[in-house]
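To start, the structure under review is shown below, and the notes come after it.
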Amino acid sequence: MTSPDFVKLALQLTTMLGFAVLFGELMRRVKQPAVVGEMFGGIVLGPTIFGWVAPSLYEWLFLSSANVTTVRDAATKLGMLFFLFYAGLEVNLSDLKTLGKKAISIGLIGTVLPIAAGVALVYALPRTFWGPAVQAHFFSFALFVGMNLANSANPVIARILLDLGLLTRSIGALIMSATIVDDLVNWTLFAMILGDIAPSNAVPHSSLAVNAALIALLFVVVLGAGRRFGPAALRWIQPHVAWPSGFVGVMALMVLLASSASEALGVHAFLGAFLIGAALGDTRDHHKDAHDVIGSFVTSFAPIFFISMGMSTNFIANFDALLVAIVLVAACLSKVGAVLLGAKAAGMPLDREVWAIGFGLNARGATGIILAGVGLTNGLIDARIFVAMVVMAATTSLIAGPMMSRLLDDAGARDSGLGARQSQR
């Protein structure tokens, strides 16, 4: 990389991070997920607006050097890996033991049924409706649509619950526990799909069955061994490194090693990063300072990835209103409906609180954008479908908080009214 290339890289990252901070803060001011603002900042900075208003300047800044583009893409991928590691840390598998049947029923039914609905939707519509890019791997594409309908974004959901004061209440614990099942099923399925359509050099002729075996091996080694030996190893490491900076450095090494091993096996690097986070998720209460530092590091790095997703295509040119409407309606109906069925199967009454759980788990947020972005990068979907998936992820995140607040406020008002009438009697 030459000196002019480095200058251009610094200008690109500065501009991207500046737009991410600006639009992210604007969304925070209105009590909405920052990731939606960062994505919108990318749309403004990308070919959709900046590239249309000032095409020459846009091309000079972002498209004139292949070397700079390669390094920038590597930086954004690192941002994605560390974000998924942090998302994995939010997964506390021990919560499943505490909440048991309810969390597993809501999580499993709330994930499997939308996947099935997505596959049915793809096959119900004419194949030509989905475009030529998906025809060569149509079944994998159908599974991909299904998992996008099933996805729940646990980092965004955690922030929504925190803003509503629900994170430490029973409803918050139930929602976050249900996302554990969702995450494990969805990310495993996604790794299998990517291995099927874009096999690596390590496993050049892989199939869904081979990928499933490789992912099972990765689960045993990373998740199993990590949960078994990870806490003891971290307790041994803690007094031997600077706290918490040295501890965070050790965590970064583990993320890179797990991601590299995952990629070498022919499974996408993101699964290794997510699994090492999930393996260490139970330790976050014992290393809160380090967990907070990791969160600060990730939140300063990951926005570059999300703004790059907004810059990846022209959202106006590739906006298909009918496709967006179909995907959005199918996502909301299948996810909320499946959560209600899961709650009913667990013996819960279908009251306003259960509906609030459904709308909470309906938020796709950051992980939905990651899924769409990786699918686009690997040729699983085209730009038109990518735009529809991103709009769906952003919209479901925007409506989750207001709907939960409305449902729970109404339920509280109703319960207060009932209590008042009973006291009068």
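Which residues, counting only those in the stretch 122-155, are in a helix (DSSP H, G or I) and closer than 29 Å to E353 by Cβ?
Residues satisfying the conditions are G146, M147, N148, L149, A150, N154, P155.
Give me the residue from the stretch 123-139 that is closer than 16 Å to I193 by Cα and not aromatic (F, W, Y) and, out of that set, most open to solvent (accessible area, probe 1.4 Å).
Result: A136.
Kindly provide the set of residues from the stretch 226-255 that are under 30 Å from I193 (Cβ atoms) and touching a residue at least 40 places away in the same chain (Cβ under 8 Å), ordered by number.
If the condition is that a residue be under 30 Å from I193 (Cβ atoms) and touching a residue at least 40 places away in the same chain (Cβ under 8 Å), then G226, R227, G230, M251, A252, V255 are the ones that fit.
Restricting to the stretch 393-410, what's the tally of residues that are surrounded by fewer than 24 Cβ atoms within 10 Å (Cβ to Cβ), closer than 16 Å to L161 by Cβ and touching a residue at least 60 places away in the same chain (Cβ under 8 Å)?
4
Of all residues in the stretch 190-210 being modelled with pLDDT of 65 or more and open to solvent by less than 30 Å² (accessible area, probe 1.4 Å), which is nearest to G365 (Cα to Cα)?
That would be F190.
Within the stretch 350-392, work out how many residues are among the small types (G, A, S), under 22 Å from F138 (Cβ atoms) and open to solvent by less than 10 Å² (accessible area, probe 1.4 Å).
Residues that pass the stated criteria total 5.
What number of residues in the stretch 277-294 are open to solvent by 20 Å² or more (accessible area, probe 1.4 Å), in a helix (DSSP H, G or I) and either modelled with pLDDT of 80 or more or within 28 Å of E25 (Cβ to Cβ) (or both)?
5
When you scan the stretch 223-236, how many residues do you find that are exposed (fewer than 14 other Cβ atoms within 10 Å of the Cβ) and either in contact with a helix residue (DSSP H, G or I) (Cβ under 7 Å, 6 or more places away or on another chain) or not in a helix (DSSP H, G or I) (or both)?
Number satisfying all stated conditions: 0.
The values are calculated or read from the model by the stated rules, or taken from the named source; none is laboratory data. Because the structure is a prediction, the values reported are computed rather than measured. Cβ atoms come from the backbone with ideal geometry, glycine included; neighbour counts cover every protein chain shown. The protein model used for the area step is the full one, side chains on, heavy atoms only, and it has no ligands, DNA or RNA in it. Shrake-Rupley method; radii C 1.70, N 1.55, O 1.52, S 1.80 Å.
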